[in-house]
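> One structure coming up, written as structure tokens, with questions to follow.
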Amino acid sequence: MEWSILFMGPVGAGKTQAIQTLSDIAAADTEIVATDETAQMKQFTTVTMDVGVLGLGAGDKVRLIGAPGQDRFDFMWDILLEQAKAVVILIDHSRDSRLDDLNKFVSEIESRTAGLRLPMAVGVTHVDLASSPSLAIYRERLTNQPPKFACAPIPVFPVDAREINDVRALVISVAAMLEMKMLFGKSIGHR
Ligand SMILES: Nc1nc2c(ncn2[C@@H]2O[C@H](COP(=O)(O)OP(=O)(O)OP(=O)(O)O)[C@@H](O)[C@H]2O)c(=O)[nH]1
Ligand SMILES: [Mg+2]
């Protein structure tokens, strides 16, 4: 089986990096030199998508798709979400807007996935640059207001997108949820 995980999240969270770190093949990206406020954060930004591939054994393959973080490319979010069987949201923990970023991407996905139930995980990056607050802020948010589209309780992991084991753990968690969903139906866990 071949299926797609979509990585979403704000500019600089590490979507392109995560896919480059984990992909079995040289990941294709569509980055351009950033010219606007993004240029103050980093040199390149994704305009269309990143594409990588990870073999899961027994002939199973997952396509790793990275969305652009910038709002001006949000038309791509519609297109990419249509293909996705699971979603990973990456959040940059060093940004003051970290919780707003999570809320924003949850609601952007919610508005594009009416009636769908998707395995989802949250990866929190740049924890090395911001030891507080604790990751409990995200877990509380997701427990108190569970996203309508999530098919199971959402795991929150600290992730350094440059570390293969961190990114692999994220992908394996949503792959396991997808397998459970296919075996047992639409929703798993408390819903
Ligand atoms: N210090 C630190 N750097 C990280 C961590 N995770 C990722 N990075 C770095 O943060 C940067 C993230 O850049 P990208 O991967 O291009 O970000 P993106 O999410 O694809 O951004 P857009 O495509 O512009 O939306 C890269 O330089 C990564 O190496 C982390 O946990 N800690
Ligand atoms: Mg990118």
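> Beyond a 21 Å Cα-Cα separation, which of these cross-linked pairs lie in this structure: Lys15/Lys148; Lys104/Lys148; Lys104/Lys181; Lys85/Lys181?
Violating the 21 Å limit, Cα to Cα: Lys15/Lys148; Lys104/Lys181.
> Also: What is the log10 of I(q)/I(0) for segment 1-45, computed with the Debye formula using one identical point scatterer on each Cα and no solvent, at q = 0.18 Å⁻¹?
-0.62
> Follow-up question, since we're still on this one. Ranked by Cβ crowding within 10 angstrom, fewest neighbours first, how are Arg63, Arg139 ordered?
Values: Arg63 18, Arg139 15.
If I rank by nearby Cβ atoms, fewest first, I get Arg139, Arg63.
> Using the basic label-point model (7 angstrom from Cα toward the beta carbon), what is the Phe73 to Ser94 distance in nanometres?
2.1
> Assuming R0 = 35 Å, what is the FRET efficiency of Leu129 and Ile25, from their Cβ-Cβ distance, to the nearest 0.05?
0.70
> State, to one decimal in nm, how far the label point of Met41 lies from the label point of Thr143, with both points 7 Å from Cα in the Cβ direction.
2.9
> Kindly work out what percent of the DSSP beta bridges joining two residues of the chain are antiparallel, to the nearest 5.
Values: 11 of 31 bridges.
Roughly 35 percent of the beta bridges in the chain run antiparallel, per DSSP.
> Would segment 122-177 count as rounded, prolate or oblate if I go by the C-alpha gyration tensor, calling it rounded below 1.5 in a/c and otherwise prolate when a/b exceeds b/c, oblate otherwise? The partial results should precede the final answer.
On the way: a/c = 3.30, a/b = 1.16, b/c = 2.84.
Oblate, since a/c reaches 1.5 and b/c is not below a/b.
> If you don't mind, another one. Can you list residues whose amide H is under 5 Å from Arg162's amide H, if they're 5+ apart or on another chain and H is modeled 1.01 Å from N?
Those qualifying (amide H under 5 Å, at least 5 residues apart or on another chain) number zero.
> Then there is this: With a sphere of radius 12 Å drawn around the Cβ of Thr113, what net charge do the other residues whose Cβ falls strictly inside it have (Lys, Arg +1; Asp, Glu -1)?
For residues surrounding Thr113, the net value is 0.
> In whole angstrom, how long is each semi-axis of the equivalent ellipsoid of the chain, when you take the square root of 5 times every eigenvalue of its Cα gyration tensor and sort them from largest down?
Rounded to whole Å, the semi-axes are 23, 20, 16.
> How big is segment 13-82 on each of its three principal axes, counting only the C-alpha atoms and giving the largest first in Å?
Cα spread of segment 13-82 along its principal axes, largest to smallest: 45, 24, 16 Å.
Since every read-out is calculated from the coordinates, none of them should be taken as a lab result. What you are looking at is a predicted structure, and each value in this text was computed from that prediction instead of being measured. Cβ atoms come from the backbone with ideal geometry, glycine included; neighbour counts cover every protein chain shown.
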